[in-house]
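Asker: I'd like to ask some things about the structure below.
The values are calculated or read from the model by the stated rules, or taken from the named source; none is laboratory data. None of the values given here were measured: they were computed from a predicted structure. Cβ placement follows ideal geometry from the backbone for every residue including glycine, while neighbour counts extend to all protein chains displayed. Heads up: the accessible areas ignore ligands, DNA and RNA and are worked out on the full protein's heavy atoms, side chains in. Shrake-Rupley method; radii C 1.70, N 1.55, O 1.52, S 1.80 Å.
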Amino acid sequence: MENATTPPGAIALIAAMVTPALLILGAASLVASALVRMGRVVDRARTLAAAIHAGEASRLGVSEARLRTWLERHALRARHTERSIGLLYAAVVVFIATSLSIALDRAGAGLPPWLPGALAIGGTLLLLAGGGFMVAESRLSSRQIEEEIAEALARLKETHP
C-alpha cells in the first residue's frame with residue numbers, strides 16, 4: 001500500500017512501532033480496570049469503617065470479628081490493586097520507551113540493537129506481574145462476596161425459617 005510519496009523506511013518504522021502501541025493500549029485498559037476496582041474497594045472499606053466508628057456494627061448483622069476480617073481483606077485487596085496499578089503504569093512507560101527506541105534505532109541513533117527487544121520483554125514482564133496482582137485481588141473479592149452471601153442467607157434462615 002505504499003505510494004510514491006511515502007518512503008519504504010517510514011512504512012517499516014510505523015509497522016515496527018504498532019506492537020508497542022497495542023501493548024500500551026492493553027496496559028492502559030488494565031490500568032483503567034484496576035482503578036475501578038480500587039474505587040470499589042475503597043468505597044466498601046469506608047462504608048464498613050464508618051459503621052464501626054458510628055457504633056453501628058450490629059446494624060450490618062455480623063460480628064465485630066467478621067467485620068475485622070473483612071476490613072483486613074479490603075486492606076489486602078487495596079495493596080494488591082495499588083501494586084498492580086504501579087506495575088501497569090510502569091509497563092506503559094516501558095512500552096513508550098520501546099516505541100521511542102525503535103524510532104531512534106531506525107533513525108541511526110547508535111542505540112544497542114538489543115535495546116528495543118529488551119524493553120519490550122521488560123514491559124511484558126511488568127504487564128504479567130500487574131495482571132498477577134489483579135488475579136490475587138479478584139480471588140480476595142470472590143471470597144469476600146461468597147462470605148457476605150453466606151452471612152445473608154444464614155440471617156434469612158434465622159428470620160424466615
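Asker: Examine the range 60-75 for a residue that is surrounded by 17 or more Cβ atoms within 10 Å (Cβ to Cβ) and outside any helix (DSSP H, G or I), and state whether such a residue exists.
Answerer: yes
Asker: Also, quick follow-up: Taking the stated definitions as given, is residue 130 part of a helix (DSSP H, G or I) and either closer than 17 Å to residue 27 by Cβ or open to solvent by 80 Å² or more (accessible area, probe 1.4 Å) (or both)? Step through it out loud before you land on a result.
Answerer: Numbers: part of a helix (DSSP H, G or I): yes; either closer than 17 Å to residue 27 by Cβ or open to solvent by 80 Å² or more (accessible area, probe 1.4 Å) (or both): yes.
The answer is yes for residue 130.
Asker: Go through the residues of the range 43-51 one by one and say whether even a single one is in a helix (DSSP H, G or I), among the acidic types (Asp, Glu), under 30 Å from residue 151 (Cβ atoms) and free of Cβ contacts under 8 Å to residues at least 60 places away in the same chain.
Answerer: Yes, because at least one residue in the range 43-51 is in a helix (DSSP H, G or I), among the acidic types (Asp, Glu), under 30 Å from residue 151 (Cβ atoms) and free of Cβ contacts under 8 Å to residues at least 60 places away in the same chain.
Asker: Looking only at the range 76-88, decide whether some residue is open to solvent by 30 Å² or more (accessible area, probe 1.4 Å), among the aliphatic types (A, V, I, L, M) and at pLDDT 85 or above.
Answerer: For the range 76-88, residues open to solvent by 30 Å² or more (accessible area, probe 1.4 Å), among the aliphatic types (A, V, I, L, M) and at pLDDT 85 or above: present.
Asker: Give just the number: which of (1) outside any helix (DSSP H, G or I); (2) modelled with pLDDT of 85 or more does residue 20 not satisfy?
Answerer: The one condition residue 20 does not meet is (1).
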